[in-house]
1. If only one of 263, 250, 245 is within 25 Å of residue 326 (Cβ to Cβ) and modelled with pLDDT of 95 or more, which one is it?
2. Go through (1) crowded, with 23+ Cβ neighbours inside 10 Å; (2) farther than 26 Å from residue 58 by Cβ one by one and return the number of the condition residue 127 breaks.
3. Within segment 204-230, work out how many residues are surrounded by 16 or more Cβ atoms within 10 Å (Cβ to Cβ) and either polar (S, T, N, Q) or over 21 Å from the mean Cα position of the chain (by Cα) (or both).
4. State the number of residues belonging to segment 117-173 that are among the charged types (D, E, K, R) and within 13 Å of the ligand (Cβ to nearest atom).
5. Can residue 43 be described as touching a residue at least 40 places away in the same chain (Cβ under 8 Å) and touching a Cys at 6+ places or on another chain (Cβ under 6 Å)?
6. Could you pull out every one of the strands (runs of 3 or more DSSP E) wholly within segment 1-42 that has 1 or more residues that are modelled with pLDDT of 95 or more and surrounded by fewer than 15 Cβ atoms within 10 Å (Cβ to Cβ)?
7. Considering segment 245-263 alone, what residues qualify as being within 19 Å of residue 154 (Cβ to Cβ), within 16 Å of the ligand (Cβ to nearest atom) and either without any contact (Cβ under 8 Å) to a residue 24 or more places away in the chain or among the acidic types (Asp, Glu) (or both)?
8. Look through segment 181-197, keep the residues that are of a type outside the set (Gly, Ala, Ser) and away from the ligand (no atom under 13 Å from the Cβ), and return whichever of them is surrounded by the fewest Cβ atoms within 10 Å (Cβ to Cβ).
Amino acid sequence: MKAYRVHEYGESAQFVEDEVARPAVQPGHVLIETKATSLNPVDHKILTADLGINPELPAILHMDVAGVVVEVGAGVDDFQVGDEVYGCAGGLKGQAGNLNGALADFMLADANLIAKKPTTLGFAESAALPLVCITAWEGLFDRAKISQEDTLLVHAGVGGVGHIAIQLAKTRGLRVATTVSTQDKADIAKDLGADDVIFYRDENVPDYVQRLTGGKGFDVIFDTVGGDTLDKSLEAAAARGRVISIVGQSTHDLTNMHVKGLSLHLEFMLLPMITGERRADHGHILSVVARLADSGKLKPLLHEKRFRYAEANAAHALFASNQHTGKIVLENL
Ligand SMILES: NC(=O)c1ccc[n+]([C@@H]2O[C@H](COP(=O)([O-])OP(=O)(O)OC[C@H]3O[C@@H](n4cnc5c(N)ncnc54)[C@H](OP(=O)(O)O)[C@@H]3O)[C@@H](O)[C@H]2O)c1
C-alpha cells in the first residue's frame, strides 16, 4: 500500500510517499481502507517536535480517519466489512508501541476507538470530527458537567475544538459566548450557535464580563488557547466556576482560583490511545456524535481548500502559516 511517511522529525520534516506492507488485522481491531483524514494541531506538533509520543521512524502520522472496514479481527462484533466508520485511532506511540496513523491506504484501528460515521456526512466531513468532538465532549460533559443553567465562555469559537464546543453546549441549552479575532469569524461563530461574541483583541476581560454577565463572571469557561488566555479564563470565571483547559503545559498564578473557589479541569483526549484504557468511551462518544450530526445539530467547519494525501506537505504548510479557517482535510484520492 501507499503510505505518506516521515523519516525524521523537526521543522524541516517532510512526508514522503513510500510503498509499505498492508497491516495484518489483529484481534479486537478492524482494518480500514482510508478515505480521508484531518489535520489537528497535535499532528503538526508531532511532525515538527518531540512530544514524547512520537511514533518510531519512519512513521505514519495523522490521528483522525474516515474510511471503510475491509477486514474484521477476532472478537469484534460491532463492525462488519463494508461499514463506513470514523475515529481518532493512531498516529502516535502509546505505552504498547506505535499506533500507525491515517496517512496511508489502510489503517489498523482498535474497534473500541471507532464508530459508524454520520450517514449524512461524506468521508471528508466525517474525518474532521473525531479528535475535536471527543475533546469538547469530555471537557464539557464529563469534566465540567455543564447544565442548562450555566453560562459558558468558549475561547476560540472558530477553532477546531471551539466550533464543536459551541455546538455541543447548544444541544444542552446553555447560553454561549465565544472569543474570535475578526468579523468574518464572528459571523461563523453566530452561525454555529454562539449567542454572544467577544473580539478578544479589542475588549478586555472586565469589560466583557460586565457586558455579558453583569459583572458576575461565567459559570464555565472552555479554554482551547492556553497561555495568557488561561489567566484571562481564571479572571473571567464566576465564583465557584469551572474552567476547562486543553493546553496546560504552562505556569500560572492561582490567586483568582483561590479567591473565587474555582475548579480547573485539564483535558487530555489522547490518554486512551496512549494507555490503552477506556478506549470504548471514545467509540461511544463518536456514536452519539454521529447521531447529532445526522439530526442536524452538529456540523464540521472545513477550510475551503481540500488536499489529497499526496499533498500532505502543502496541507501542513498551510496549517503552519495560520491562514486557514476551519479544519484542514486530506482525501485519499
Ligand atoms: N488536551 C487535549 O486533549 C487537546 C485536544 C485537542 C486540541 N488540543 C490543543 O488545543 C489547541 C487548540 O486546538 P484546535 O484544534 O482548536 O486548534 P485550531 O483549530 O488551530 O484553532 C486555534 C484557534 O485559536 C484562535 N486563537 C488564537 N489565539 C487566540 C486568543 N488569544 N484568544 C482566542 N482565540 C485565539 C484562532 O482564531 P483567531 O484566528 O480568531 O485568532 C484559531 O481559531 C491546540 O494547541 C491543540 O494542540 C488539546
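1. Numbers: 263 fails: within 25 Å of residue 326 (Cβ to Cβ); 250 fails: within 25 Å of residue 326 (Cβ to Cβ).
Going through 263, 250, 245 in turn, just one is within 25 Å of residue 326 (Cβ to Cβ) and modelled with pLDDT of 95 or more: 245.
2. (2)
3. The initial filter retains those residues of segment 204-230 that are surrounded by 16 or more Cβ atoms within 10 Å (Cβ to Cβ), namely 205, 208-209, 212-213, 217-226, 229-230.
Next, only the ones that are either polar (S, T, N, Q) or over 21 Å from the mean Cα position of the chain (by Cα) (or both) stay: 205, 208-209, 212-213, 217-219, 224, 229.
Qualifying residue count, segment 204-230: 10.
4. If we filter segment 117-173 for residues that are among the charged types (D, E, K, R), which is where we start, we get 117, 125, 138, 142-143, 145, 149-150, 170, 172.
When the remaining residues are screened for being within 13 Å of the ligand (Cβ to nearest atom), the result is 138, 142-143.
Qualifying residue count, segment 117-173: 3.
5. Details: touching a residue at least 40 places away in the same chain (Cβ under 8 Å): yes; touching a Cys at 6+ places or on another chain (Cβ under 6 Å): no.
No, not satisfied.
6. Numbers: elements: 2-6, 15-19, 29-39.
Where strands (runs of 3 or more DSSP E) fall fully within segment 1-42 and carry at least 1 residues being modelled with pLDDT of 95 or more and surrounded by fewer than 15 Cβ atoms within 10 Å (Cβ to Cβ), they are 15-19.
7. 245, 248, listed by residue number.
8. Pass one, segment 181-197, residues of a type outside the set (Gly, Ala, Ser): 182-185, 187-188, 190-192, 195-197.
Now narrow it down to the ones that are away from the ligand (no atom under 13 Å from the Cβ): 190-191, 195-196.
Values: 190: 16, 191: 13, 195: 16, 196: 16.
That would be 191.
The values are calculated or read from the model by the stated rules, or taken from the named source; none is laboratory data. Note that the structure is a prediction, hence the values are computed from the model and not measured. Backbone-built Cβ (ideal geometry, glycine too); neighbour counts: all protein chains shown.
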